[in-house]
1. What is the set of long-range amide H partners of Asn114 at a cut-off below 5 Å, with H atoms built 1.01 Å from backbone N?
2. If the only charges are +1 at each Lys and Arg Cβ and -1 at each Asp and Glu Cβ, what is the size of the charge dipole of the stretch 31-155 around the Cα centre, to the nearest 20 debye?
3. Once ligands and nucleic acids are excluded and a 1.4 Å probe is used, how much of Asp36 is accessible, expressed in Å² to the nearest 10?
4. If you place +1 on the Cβ of every Lys and Arg, -1 on the Cβ of every Asp and Glu, and leave all else neutral, what size is the dipole of the chain about its Cα centre, to the nearest 20 Debye?
5. Just flag the trypsin sites (Lys or Arg not before Pro) in the stretch 127-213 sitting in loop per DSSP whose Cβ has no more than 16 other Cβ atoms within 10 Å.
6. On full extension of the chain, what length is gained from Asp110 through Val147, given 0.36 nm per residue of separation minus the C-alpha to C-alpha distance?
7. Out of the stretch 130-178, which GluC sites (Glu not before Pro) are coil in DSSP terms and have no more than 14 other C-beta atoms within 10 Å?
8. Using 0.36 nm per residue of separation minus the Cα-Cα distance, give me the extension gain between Asp100 and Asp50 in nm, one decimal.
Amino acid sequence: MKLKKHLIDPALGQHGYFPIDLSIDNPHWDHNDVSDIEVFEQYLDQQRKDTDRYIAYGGYLEQRALYRNSDRFQKGAVRDIHLGIDLWAPAGTSVHTIMDGIIHSFANNDDHGNYGPTLILEHDWNGEKLYSLYGHLSVDSMDGWEVGLRFRESEIIATLGAPHENVGYAPHLHFQVMNSMLDYHGDFPGVASSNELDHYKKIVLDPNPFIFEL
Ligand SMILES: [Zn+2]
């Protein structure tokens, strides 16, 4: 997979990207608890050795095993389809913009299983408004953020959070691209149920072409 834009630390990116399968179709998750950080990190380490690459990525429209055992995602219609892309790298890894933009909004969505520190940028893209969301960031990243603050392409906007701040996950970036914020500020659904999917697919774009040469 060839990279188009560095979303996280280019120095780490030199060690390569590999796709990771967190879907309900991966039998590994029938016998291993993907929500257990230690279990997940072991799997990640093994995959890094097997592929000789470092940064795991994936998840757009993936139906995930991760949400099976979580009350948060099981209330009402089961929400288990992931709307963004995740990139797994250590806490403290720098996060970069892939295009010029300004801060639309931000929040620390710190209830367990949510995004933790979350940043949303607004961009002009081919004459249209485009919004990018960065979740599971460090609390320190929030120092200096203010609505309207301008970032240039490839500038550092944040660092990745540790599990106690990200809130309860192996360190990773959740990146998502939307053509509307609806009425959200500092937040936007990152997981949908199958009956909401048609609605969200019109708003949440495939993030892969923004990052990778496909
Ligand atoms: Zn995610």
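The values are calculated or read from the model by the stated rules, or taken from the named source; none is laboratory data. Computed from a predicted structure; not experimentally measured. Counting neighbours? That spans all protein chains shown, and the Cβs are built from the backbone with ideal geometry, glycine included. Please note that ligands, DNA and RNA were not included when accessible areas were found on the heavy atoms of the full protein model with its side chains. Shrake-Rupley method; radii C 1.70, N 1.55, O 1.52, S 1.80 Å.
1. Here the answer is Val167, since their amide H atoms fall under 5 Å of that of Asn114.
2. On the way: 11 positive and 22 negative charges, 66 e Å.
The calculation lands at about 320 debye.
3. 60 Å²
4. On the way: 16 positive and 33 negative charges, 88 e Å.
Charge dipole of the chain: 420 debye, to the nearest 20.
5. Details: sites: Lys129, Arg150, Arg152, Lys201, Lys202; in loops: Arg152, Lys202.
Counting only loop positions with at most 16 other Cβ atoms within 10 Å, the trypsin sites (Lys or Arg not before Pro) in the stretch 127-213 are Arg152, Lys202.
6. On the way: separation 37, 0.36 × 37 = 13.32 nm, distance 1.96 nm.
Between Asp110 and Val147, full extension yields 11.4 nm more.
7. Values: sites: Glu146, Glu153, Glu155, Glu165; in loops: Glu146, Glu153, Glu155.
Answer by residue number: Glu146, Glu153, Glu155.
8. Numbers: separation 50, 0.36 × 50 = 18.00 nm, distance 3.62 nm.
Full extension of this stretch gives 14.4 nm more.
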